[in-house]
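The block underneath contains the structure these notes are about, expressed in structure tokens.
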Amino acid sequence: MKVLVIGGTQFIGPLLVDELVKGGHDVAVLHRKPKHDLGRRVENIMADRNDADSLREALSGRRFEVVFDNAYDWQRGTTAAQVEATVRAAGNRINRYVFMSSVAAYGDGLNHKESDPLAPDYHAEPYVRHKATTERLLFRMRARSGFPVVTFRPPFLYGANNPYYREQFFWDRLRAGRPIIIPGDGYRLMQFAYVNDLVQAMVRAMVEPKAVGEAFNIGDPKPVTQAELVERLARVANVEPTLVRVPRDIIAQSGGNAMEEPYYFGEYFDMPPITENMGKVTRVLKMKLTPFEIALKDTYRWYTRNHKPRTAGFEFDDKVLAMAKAGSTANV
């Protein structure tokens, strides 16, 4: 099939493109750069997906059977209107439009099923708002014209080549014998999706007739607490962790911010919990999800072979730990 991958050069994209090429598909990647390193068999299309004119010009005269829309502009946002412009530019022969949404589309709450309502159009966080409003638009198009949309809502993604400083953040510290800061009591829930499982589900969605018109939660069925996550990461690295629980108000006083450097618990990791029920994806797409421990071991192998450890940020860890110690001493 002729396949267009939008945002094919980071994390999800290269793995997806590799699977598509191995499957014998005719693949093109659309992104903002004049070239990619995905191999000669993959066509490069340069365009800004947030610019409707740029898209129309780049895709003029082309027709695709499958579109994977993975790109989100973190600086400017990517709105429902911009995704709709992408749909229009991609032509009228599409038999699958696979849109990468997020667990964030629910806004908040635990144990969400795919049928649960998404966050409102007026949600304060742009990313949450954009993912939710885009999904609503795509499913309205499905209801009106039979548009063959499929959406995926993964929680925190992990795996080889993760561009976000997340699991690597902890392994850098654990292997250096550093204590790990645990925000608050450490009971905040987190849920994870292995990037390889997500890609396999996306490829399955191309050919599974029952996938059309459906949204899929995808990830490990069981959430873990923040403290449990660190213990799992330490176990894979064969390290005994030292966990130091620090009240979030002390972290904030130290200048800690989950969204930007210097991180205190990995990039974006200390967020209010949103969790999902995962039964539908295995049932409809007829696939098995990789157990968390096995996927973590695979990710750790990649880390040991490819990741250059960082020490930047350790000074901030020390600052937070010193303030926490001073606070606990003052309360004695």
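Sequence-distant contacts, meaning Cα pairs under 8 Å at least 6 residues apart, place the relative contact order of the chain at 17 percent.
Contact order, relative form, for the stretch 137-291: 33 percent (alpha carbon pairs under 8 Å, 6 or more residues apart, mean separation divided by residue count). Stokes-Einstein diffusion coefficient for the stretch 53-120 at 10 °C in a medium of 1.306 mPa s, Rh from the Kirkwood formula over Cα pairs: what value in µm²/s? Once the numbers are plugged in, D ends up at 114 µm²/s.
The angle between the Cα long axis of helix 126-145 and the main principal axis of the chain comes to about 30°, on a 0 to 90 degree scale. Of the chymotrypsin sites (Phe, Trp or Tyr not before Pro) found in the stretch 87-171, the ones in coil according to DSSP and having at most 11 other Cβ atoms within 10 Å of their Cβ are 122. Compute the relative contact order of the stretch 35-159 as a whole-number percentage, counting only Cα pairs closer than 8 Å that sit 6 or more residues apart in sequence. That works out to 25 percent. Residues whose amide H lies under 5 Å from that of residue 8, counting only those 5 or more places away or on a different chain, are 30; hydrogens are built 1.01 Å from N in the peptide plane.
Percentage of Cα-Cα pair distances in the stretch 184-301 greater than 23 Å, rounded to whole percent?
43 percent
Quick one: grab the alpha carbon gyration tensor of the stretch 233-332, order the square roots of its eigenvalues as a ≥ b ≥ c, and give me rounded if a/c is under 1.5, else prolate or oblate depending on whether a/b is larger than b/c. It comes out prolate by the Cα gyration axes. A DSSP coil position with no more than 14 other Cβ atoms inside 10 Å describes the following chymotrypsin sites (Phe, Trp or Tyr not before Pro) in the stretch 1-89: 74.
Given axes a ≥ b ≥ c from the Cα gyration tensor, I'd like to know whether the chain is rounded (a/c under 1.5), prolate (a/b larger than b/c) or oblate. Taking the square roots of the gyration eigenvalues as a ≥ b ≥ c, the chain is prolate. Just list whichever of 113/222; 131/297; 113/286; 113/288; 2/280; 22/308 have alpha carbons separated by over 23 Å in the model shown. Distance filter (> 23 Å) returns 131/297; 2/280; 22/308.
Since every read-out is calculated from the coordinates, none of them should be taken as a lab result. Note that the structure is predicted; figures quoted are calculated from it, not measured. Counting neighbours? That spans all protein chains shown, and the Cβs are built from the backbone with ideal geometry, glycine included.
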